[in-house]
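Encoded as structure tokens, the structure appears first; notes follow it.
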Amino acid sequence: MPQNPRRIGLSLGADLCWPACFEAILERLDLALPMGDETVRFETGRLQIDPFDLTQPSRYDVVLDRLTHWYHLSREWIKKAVLMDDVYVLNNPWSLQSMEKQTTYTAMMRLGFPVPETWMLPPKDYAWTEDLKVTLQRYARLFDLGEVGRKIGYPLFMKPYDGGAWVGVTKIDDDAALHRAYESSGQRLMFLQKAVLPHDAFVRCVGVGPQVRVVSYDPDAPLHGRYQEQPAPVDETEAQTLRDMTLTINTFFGWDFNSCEMLRQDGVFHPIDFANACPDSQVTSLHYHFPWLVLAKLRWSLFVAATNRPMHRTLDWTPYYEANEDDAPFDVKLRRYAAIARERLDTDRFEEFCATHLAHLPEVAHDYFGSDHAHEAVRTKVASLYPDHEIDDFTERFWQSIQRWRDTEGAQ
Ligand SMILES: Nc1ncnc2c1ncn2[C@@H]1O[C@H](COP(=O)(O)OP(=O)(O)OP(=O)(O)O)[C@@H](O)[C@H]1O
Ligand SMILES: [Mg+2]
């Protein structure tokens, strides 16, 4: 049963900056929303790590989870809370557990997304077990790795089927390099993927509920400079396509929060990495874009909590497949998928909620992101990552980005 005040739980690990800002802005908003015959208020809390009785009721109505992909106790608590107490969690822990790059590539290829040609390879090495030996003896066939490379064409990328953080990702320019990379790939299951090179735009699209921000991204820059401050070099039609692709991906997999990487070649955006359902949220990466992300999370979790939005516990792919049944061109199909996505995300009701109940959020956020409290949140995060002699400089650098956000978007 929804509680009043609605309680929003934060399930956190190394996160420091965005939760501090999220909590402080919520407090400053001082919300008391007339919803039906209730006046709805909000509280936040941070999930603690304790033993728990499987039947113990949850204190939270909504949980923003940052740990599911690696910290299993929290994930299992959250699954219990969804099953037992109707808690709404961002993101659906079952979908995160089962979705890797492989699933996301395959599903979006089926929907017609221009994912580059991708092959999966049998692993180079194995942890030996009795059944494995007989299986490989009977069924593993010698294959010509060079032929696969030639079919795809160089350059190509080798990457783990379930990877993240660039671990095991290698750009490969020829047959010899392909053999070297495969020899050292060990037990990891690997893809070979055609490189989208050259490309003239690299964007990361961050989606939170129906909100999408398209950000230019430079993967070769140091971590603090990868998200680019200047607007992505895309026109409005392209921006719409990117938003539609992001929302389709996110709703197909049941993710409220995800980021999608896409590369533009000859005017077409190719998605290459879009299973990031726990994307970086730190000011030390996002800098100028950080306030947007904090506010997007706040708006969406308040909407979910205030309206008692039911969580999609299971995934239903049928409507997307049905929208793909005829021979219509991809842009027409994409509009159909995106319409399903926007409906699933209750977009009209969300926008109305923000206009009606959060009209003062921009002003509160503008004040807050100029405050000592916000400055301290930035500094604390910087201090946790940088050596002592760099703390002042990097704090100032990220702080100035946030001030530029206040002077531009934040002032509107
Ligand atoms: N098909 C491709 N064409 C061009 N560049 C690619 C391709 N695949 C990967 N890359 C490059 O390699 C980088 C890492 O690959 P990818 O994003 O797929 O792996 P990841 O481990 O999920 O990375 P992260 O978690 O940092 O996003 C990309 O940011 C991009 O620069
Ligand atoms: Mg990536």
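Tabulated values for the structure
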read-out	value
Only one of 318, 347, 284, 307 that is surrounded by fewer than 14 Cβ atoms within 10 Å (Cβ to Cβ) and hydroxyl-bearing (Ser, Thr, Tyr)	318
Single residue of 109, 99 found to be within 16 Å of ligand 1 (Cβ to nearest atom), closer than 30 Å to residue 305 by Cβ and of a type outside the set (Gly, Ala, Ser)	99
Number of the condition not met by residue 112 [criteria: (1) over 23 Å from residue 188 (Cβ atoms); (2) touching a strand residue (DSSP E or B) at 6+ places or on another chain (Cβ under 8 Å)]	(2)
Residues of the stretch 6-50 that turn out to be assigned to a loop (DSSP other than H, G, I, E, B), under 25 Å from residue 374 (Cα atoms) and of a type outside the set (Asp, Glu), as a count	9
Subset of the stretch 165-196 (residues that are surrounded by 14 or more Cβ atoms within 10 Å (Cβ to Cβ) and of a type in the set (A, V, I, L, M, F, W, C))	169, 172, 177, 178, 181, 189, 190, 191, 192, 195, 196
The stretch 178-195 residues that are outside the structural domain of residue 166 (by TED's automatic domain parsing) and touching a residue at least 60 places away in the same chain (Cβ under 8 Å), paired with ones that are charged (D, E, K, R) and part of a helix (DSSP H, G or I) (beta carbon under 6 Å, 6 or more apart)	none
Subset of the stretch 257-283 [out of contact with any helix residue (DSSP H, G or I) (no Cβ under 7 Å at 6 or more places or on another chain) and away from ligand 1 (no atom under 12 Å from the Cβ)]	257, 266, 267, 268
Residue within the stretch 196-212 that is assigned by TED's automatic domain parsing to the domain that holds residue 349, more than 9 Å from ligand 1 (Cβ to nearest atom) and at positive phi present	yes
Residue within the stretch 239-254 that is away from ligand 1 (no atom under 14 Å from the Cβ), charged (D, E, K, R) and in a helix (DSSP H, G or I) present	yes
For residue 101: the one exception among (1) surrounded by 13 or more Cβ atoms within 10 Å (Cβ to Cβ); (2) over 23 Å from residue 256 (Cα atoms)	(2)
Residues satisfying the stated conditions in the stretch 216-245, i.e. within 14 Å of ligand 2 (Cβ to nearest atom) and surrounded by 21 or more Cβ atoms within 10 Å (Cβ to Cβ)	227
Among the candidates 110, 46, 66, residue that is in contact (Cβ under 8 Å) with a residue 12 or more places away in the chain, out of contact with any Phe, Trp or Tyr (no Cβ under 6 Å at 6 or more places or on another chain) and farther than 27 Å from residue 272 by Cα	46
Residue 148 vs. criteria crowded, with 17+ Cβ neighbours inside 10 Å and either aliphatic (A, V, I, L, M) or on the phi > 0 side of the Ramachandran plot (or both)	no
So residue 94, is it assigned to a helix (DSSP H, G or I) and at pLDDT 95 or above	no
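The values are calculated or read from the model by the stated rules, or taken from the named source; none is laboratory data. Worth saying up front: this structure is predicted, and the values here are computed from it rather than measured. Note: ideal-geometry Cβ built from the backbone for every residue, glycine included; neighbour counts use all protein chains shown.
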